[in-house]
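Below you'll find the structure, written out as structure tokens, and then a few comments.
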Amino acid sequence: MLNFTTFWCFRLNALSRKVSRLYNNRCIEHGVTAAQSFVIFDVMDHEGTSVKDIAARIQLDSPAVTGLIDRLVKEGLVERKEDPEDRRSLKIYLTPKGRVLVDSKLVPMALDFNRFIRSMVAPEISGDFQRSLDLFDQEVSKIGE
């Protein structure tokens, strides 16, 4: 009999959903979803960025990112501003309220969650694990191109 639960594709998918659920639950405590936190972190690192560039960096499509930004604008966490060099283009910025949320809540929460996840990998293999993740990402990315 075929035991699909041993397939790596199944295991990776199931594990990814579990980790995502854990992270999302922590984000919700601060009034945002996991996906919204990724947009906020990206804008924090790239003030005045475009939706297209955010989408590429967080690996979502532009319409999905636009929806996330719409909700973040509604919550007063980010704002859209016209690009002075191209009035057809909008740039995304954190608002003061967004900056406070990032600095006081989201960054500490994300760093804590990352430590929590990393604590599940034995220190003596963490370097190998990181290299394996990087290699796996590179190889899967090649296929998707």
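FYI, it's all coordinate maths here, none of it is from the lab. Treat the numbers as computed from the prediction; the structure is a model and nothing was measured. Don't worry about glycine lacking a Cβ; one is built from the backbone with ideal geometry, like all the others, and counts go over all protein chains shown.
Sparse packing (at most 13 other Cβ atoms within 10 Å of the Cβ) combined with a DSSP loop state is found for the following chymotrypsin sites (Phe, Trp or Tyr not before Pro) in the range 1-88: 7.
Calculated from DSSP H runs of 4 or more alone, at -39500 (n - 2.57) each and per residue, what is the 222 nm mean residue ellipticity of the chain, nearest 500? Walk me through the intermediate numbers first.
Working: 7 runs with 94 residues, N = 145.
When only DSSP H runs of four or more count, the value is -20500 deg cm²/dmol.
Globularity index of the chain is 1.22 (Cα radius of gyration / 2.2 N^0.38 Å, N = number of residues). Packing order of peptides 29-36, 122-129, 46-53, highest average first: 29-36, 46-53, 122-129 (average count of other Cβ atoms within 10 Å over each peptide's residues).
Can you classify the range 88-145 as rounded, prolate or oblate using the Cα gyration tensor, where a ≥ b ≥ c are the square roots of its eigenvalues, rounded means a/c under 1.5, and otherwise it's prolate if a/b beats b/c and oblate if not?
On the way: a/c = 5.47, a/b = 1.34, b/c = 4.07.
Since a/c reaches 1.5 but b/c is at least a/b, the shape of the range 88-145 is classed as oblate.
A Gaussian network model of the chain, with springs between Cα atoms under 10 Å, assigns the largest mean-square fluctuation among 19, 121, 78 to 121.
Could you let me know the centre-to-centre spacing of the range 94-145 and the range 32-74, using Cα atoms, in angstrom? The two parts, judged by their Cα centres, are 17 Å apart. Rg then Dmax, both in Å and based on the Cα atoms of the range 60-116: 13.8, 44. With 5 Å bins beginning at zero, the pair-distance distribution over Cα atoms of the range 1-77 amounts to 3, 14, 20, 20, 16, 10, 7, 5, 3, 1, 0 %.
Total lysine pairs in the range 22-145 at Cα distances under 24 Å, for residues eight or more apart or on different chains: 11. Label positions at residue 66 and residue 122, each projected 7 Å from the Cα along the C-beta direction, are separated by 5.0 nm.
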